[in-house]
Amino acid sequence: MTSVVSDTAEAVDLCPEFSLYLKHISRVTVSVALPHLKTPGKSISNWEVMERLKAMVHPEQFSSLRISKSSMDFLRFEGEVENRSAVKRSLAKLEGKSIKLSGFTDVLKIRAVAHKADFPTRHDWDSFFRDARDMNETVPGERPDTIHLEGLPCKWFSVKDGAPDRPSEAALRTVFQRFGKIRNVDIPMLDPYREEMTGKNFNTFSFGGHLNFEGFVQYQDHTGFVRAMDSLRGMKLMFKGDDGKAVACSVKVTFDTTKHLSDSSLKKRQQERLKLQELEKQREEQKRREKEEEERRKQEERKQREQEEEEKERRREEKLRKREQKLKEKEEKKTQKKLKKQQEEEQKKLQLKISTEERKLLLAQRNLESIRLIAELLSRAKRLKQQQQQERRRLEERRQLQEDELRRVEAEKQRTLELQRRERQLRDKLLGNLLKKSTNTDDVHLDLQICAAQNQHQRRHASAATKQQKRRESEADGGRRSRRRSRRRSQSRSRSRRRSRHRSRRY
């Protein structure tokens, strides 16, 4: 445990190069006798007792005060002050005194003595090595020449260019060679195989949070060992920083009883180290093989994943392609359906136009047939054949020759009128001749009825052609003037039909 030091007057130089000093341990042991508790559930506050003790030594101050032992009869405290003179003054204020706690009628007696450090003496190591049967005082490491140090702060023994939490054997040798020539030093935590060889963890943490370590220092002769033990007895290690602040920590110092730095131990550790190195090589080789195997397995898994990803991608692309194909087929079907519908509509329109044209042609044909009935049979048959050929050509070129057909129908209309006129003249002449030559009135009436029927049939065909022509002219012109002409023509034809009917009745 480290503590801040405010008074460094009693510090003794240990190694100024590393700013390390030795400072006397100034501690007092305070025992407080506890009264018998008669009331159940009532207890004594340790914190209150500590505060009373701190108040009694005022103006002196404890740099640290802790409970070292607690029982039903007494409390034992260990307090640390700045220097040895403060120890004497604190003892004078505490020894034989008493305190009274709130809530208790009995007073608590106080006994205070200077703390005795738990440090080995010359008699301890002499008797140990004298009585030990497996020790040889002529062999280094098997005699009192090695110091075992525990609780050394790593940061205080680290080199400037190295890691601050890693101590250096060279620094440890430099610090402790003040007491004599050093034969060997050892810091177990620096050996990576030491924990496996001994099964002991050499990295320890102190209460203050600093990383501490243990070390072994072996002197060449017994004199250096004795001088070091005498110098470290009752001392703690102090470090003074560049800013002038000092920090001290307690270090446990004992003599080595395990032959740690003897030749046999060094050789044994070296052999174990070689074995562990070989084992580590085997482990590394095993790890390397396992790593290679793991890499190979990962590579295979990666390849498998890539193949699966490729397969998924291929399936996805295939699915997308099929979807696009379906959409394309659907679009084509839709287009074909639309095109088919358009074709059907066009076909319907075309059929309608064909039907209309055929109707027109049929009407025109009927008109022609009505006209040709009046002419001779042979000439009528010849003209009918020519007309049928013309009609077939017109049917093939119906769109281009529509206007010609209209003009032709108009010409036929004029021709029909002319034929009707000539027919009337011929009928009148024929009737006159018949009236002169025939004496049979019934035959005359029969001939007149036949002529009247033919005339009525021709007028019916002429009327249909006239209506069709009127409709075409009305659609083409759409003017008022054309409609007036049509009305006049219609009226004229009506008058003509009435006159014709009147004549037929008269005949």
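The values are calculated or read from the model by the stated rules, or taken from the named source; none is laboratory data. Keep in mind that what you see is a predicted model, and the values were worked out from it rather than measured. Note that each Cβ is placed from the backbone with ideal geometry, even for glycine, and that neighbours are counted across all protein chains shown.
Below are the figures for this structure:
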item	result
Failed item, numbered, when Glu60 is tested on (1) under 30 Å from Val185 (Cα atoms); (2) touching a residue at least 24 places away in the same chain (Cβ under 8 Å); (3) not aromatic (Phe, Trp, Tyr)	(1)
Enumeration of residues in the range 119-141 that are out of contact with any strand residue (DSSP E or B) (no Cβ under 8 Å at 6 or more places or on another chain) and assigned to a loop (DSSP other than H, G, I, E, B)	Thr121, Ala132, Arg133, Asp134, Met135, Asn136, Glu137, Thr138, Val139
Some residue of the range 142-157 being hydrophobic (A, V, I, L, M, F, W, C), part of a loop (DSSP other than H, G, I, E, B), without any contact (Cβ under 8 Å) to a residue 60 or more places away in the chain and out of contact with any Phe, Trp or Tyr (no Cβ under 6 Å at 6 or more places or on another chain)	no
Whichever residue in the range 111-123 is farther than 19 Å from Val81 by Cβ and surrounded by 14 or more Cβ atoms within 10 Å (Cβ to Cβ) and, among such residues, is modelled with the highest pLDDT	Pro120
Odd one out for Ser262, checked against (1) surrounded by fewer than 20 Cβ atoms within 10 Å (Cβ to Cβ); (2) closer than 21 Å to Gly141 by Cα	(1)
Check on Arg398, at pLDDT below 85, exposed (fewer than 12 other Cβ atoms within 10 Å of the Cβ), over 30 Å from Arg499 (Cβ atoms) and basic (Lys, Arg)	no
The range 153-182, residues that are more than 50 Å from the chain's Cα centre (by Cα) and buried (at least 17 other Cβ atoms within 10 Å of the Cβ)	Ala171, Leu172, Thr174, Val175, Phe176, Phe179, Gly180, Ile182
Residue check, Lys23 exposed (fewer than 15 other Cβ atoms within 10 Å of the Cβ) and either at pLDDT 85 or above or not aromatic (Phe, Trp, Tyr) (or both)	no
Exclusive hit being surrounded by 13 or more Cβ atoms within 10 Å (Cβ to Cβ) and of a type in the set (D, E, K, R), set Lys268, Lys340	Lys268
Per-region count, the range 20-73, residues of a type in the set (Lys, Arg) and over 30 Å from Lys245 (Cα atoms)	3
Residue under evaluation Pro16, criteria (1) outside the structural domain of Arg89 (by TED's automatic domain parsing); (2) surrounded by fewer than 17 Cβ atoms within 10 Å (Cβ to Cβ); (3) in contact with a Phe, Trp or Tyr (Cβ under 9 Å, 6 or more places away or on another chain), criterion not met	(3)
